[in-house]
Structure formats: C-alpha cells, structure tokens
C-alpha cells in the first residue's frame, strides 16, 4: 500500500498528517492501532486461533492483521471427546468478551464448509464427528476448521512464500509428510478433502510381491534419523535432528551421507509431483527446514535429477525450491485466513 493511499485512509481518524509523513507506513500502523484501542475493536476484530497437535493445543489471540496479542498452550485431552470440547470451552471462556470467532487448525480429514471432522489424527475419539455442531453448544461464536497441513499452506499462500505464486506445492517434513497444493492461487482440497496428504505416496514402484515404501518411511523423521542411528550403533531415541546436523556441520561422514541420501529420496518425490502438477515452486517446511544446508541440498538434488532425466522433448520444467516463510505459527495464521475467507472477513487493507 503506497504512502499516499495511507494518507487518504489516515484522514478517517482526523489525525495530523504530518505525523504520518515522518515515518510513512510504520508510524501509520502504530497510530492506527492506538486509535483502535481508543475507539473500540469493531474495526479490527480479534479471533482465538487454535492449533490442535498430537500432545498440545497451541492458541493465540490474533487480530485481522495476524498480530498476536496473547498466546499459550494446554495439553490435548487423549481420553474423550467430551473432555476435548470442555478444554476448548475453557479457552473460549477466557476470551469470550474479546473475540469474534474461533479458527481451528486440526489433524485429519475435514469438511471445511460443514465443520465436520471425518478423522482426528492421533485423537482416536474423533471419528465422523460434527465438531462445529457439537462445540457450538458450548462455544456460541462463529467457528471454522481446516486440516493442519492445509492451514500451513494457507499461511504461505496468504502472506508467505506462495503469496505471488499461481501454482505451487508445500511440503512439511515431520513425523510424516504433510502439506498442500495450490492451483490458480487457491488451496486445492480435493474431492474428499485429502489433497496434499503426501505421506502415503509410494517412493518405489514395485510389484505386489515386493514391499512398497511409503514416502513418510523415507522422508519422515524416522527416515532421517534411523539410518544415522544405525551407522552410529545407537538407539534412535538417542538421536534428534539437532544432534544430526551438529554432526553434519562437524564434517561427520555418516551425518553427511545420511543428509545426502535423505535429500535424494525427497528429490525423487518432488520430481514425481512435478510431473503431475507442473508448478512454479515447492516450499519446504517443518522443523528441520530451518537448516540452510537441508534446503540447499534438496535444491541441488532436484536440479541434478532434472539434469540426468531431461531430454530435448521433455516438457517438465524444474521448479524453484525454497523454505516456507512461517515456522511455529504457520497453522495459526492459516487457520485465521481460512476463517476470514469463509466468513468474508478479509479486509482490503491487506
């Protein structure tokens, strides 16, 4: 947004425009927020954003510009749906007078329009569950639900690495491989809301007499750490990503070979997806994506794969490989975007 446009909007509040002209947009936003505090929050609404993980529920009080005003986490109930609903209810009670709705990032297969959870990942008590209907009896505000990998994708689409990309793929490396597909600058959910569930992709094409390898086996956390643990004759529980990359940077040959092989199998998966979707960019997320050497090695392996498989008539174009812009808060940001989109709440000042 240009400064002149900001000046014109700034007149709404009848403030001295010389104050804005000193520092441009930054000062404008500070004055803007100060005025909102004085005149109430009808213009800049706040939302409770909730990210349901396997062990913890992360939450944040967030406004429409993704400014986080408060955040925290509570344990995920592992026993019953009733306890899950009550846990969310207590979070609602804490912020009831301040929020205009609740935006959820949740595991499993989600019907976004109905707020229906067909599955809940590690939360086995969530099966074919009309979650929005059940929660509304305890939490009387607008609610939205989206799969966690798709929320991370929406965050990148909204204001991250996919902001200016028409077609792209997000790959999230963790226990499994999650992510999302962007087509025509929109999240592609699929007929059964399962697009972007990359963990189950086969990484080797074999006959039914042989054992196929799902992608998560090779490029989930276990696929990264187990080979290194085996080489060091250690239990995998003694190894984590930090220790592996510390060894890598110390020029440990086993660590280097482990990362190289990990990135080769990941490049194979990226190449296969590219053959189908023909996108501009792949963005890599998940905890280990913070390692520069991982992104650099993935990029090198993908380029090498295109070099050795390319021929003159091959129409497949090598995509760009980048790191996701958001880390720990990506699901919260994407959940908010999903909520605003569903409730037509996206403001033009974005």
_When you check residue 127 against the structure, is it out of contact with any helix residue (DSSP H, G or I) (no Cβ under 9 Å at 6 or more places or on another chain), modelled with pLDDT of 90 or more and either surrounded by fewer than 13 Cβ atoms within 10 Å (Cβ to Cβ) or over 21 Å from residue 271 (Cα atoms) (or both), yes or no?_
yes
*Condition test on residue 144, is it assigned to a loop (DSSP other than H, G, I, E, B), under 19 Å from residue 334 (Cβ atoms) and modelled with pLDDT of 95 or more?*
no
_All strands (runs of 3 or more DSSP E) inside region 53-108 with 1 or more residues being in contact with a strand residue (DSSP E or B) (Cβ under 9 Å, 6 or more places away or on another chain) and free of Cβ contacts under 8 Å to residues at least 40 places away in the same chain_ = 56-63, 68-75
*Cβ-Cβ under 6 Å pairs, at least 6 apart or on other chains, region 265-277 side in the same structural domain as residue 166 (by TED's automatic domain parsing), far side modelled with pLDDT under 95 and buried (at least 19 other Cβ atoms within 10 Å of the Cβ)*: 265/218; 265/219; 266/219; 269/215
*Tell me, which helices (runs of 4 or more DSSP H) lie completely within region 216-300 with 1 or more residues that are under 27 Å from residue 185 (Cβ atoms) and under 20 Å from the mean Cα position of the chain (by Cα)?*
253-277
*For region 154-209, which strands (runs of 3 or more DSSP E) that fit wholly inside it have 3 or more residues that are buried (at least 18 other Cβ atoms within 10 Å of the Cβ), assigned by TED's automatic domain parsing to the domain that holds residue 290 and touching a residue at least 24 places away in the same chain (Cβ under 8 Å)?*
168-173, 177-183
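The values are calculated or read from the model by the stated rules, or taken from the named source; none is laboratory data. These numbers were taken from a predicted model, which means no experiment stands behind them. Counting neighbours? That spans all protein chains shown, and the Cβs are built from the backbone with ideal geometry, glycine included.
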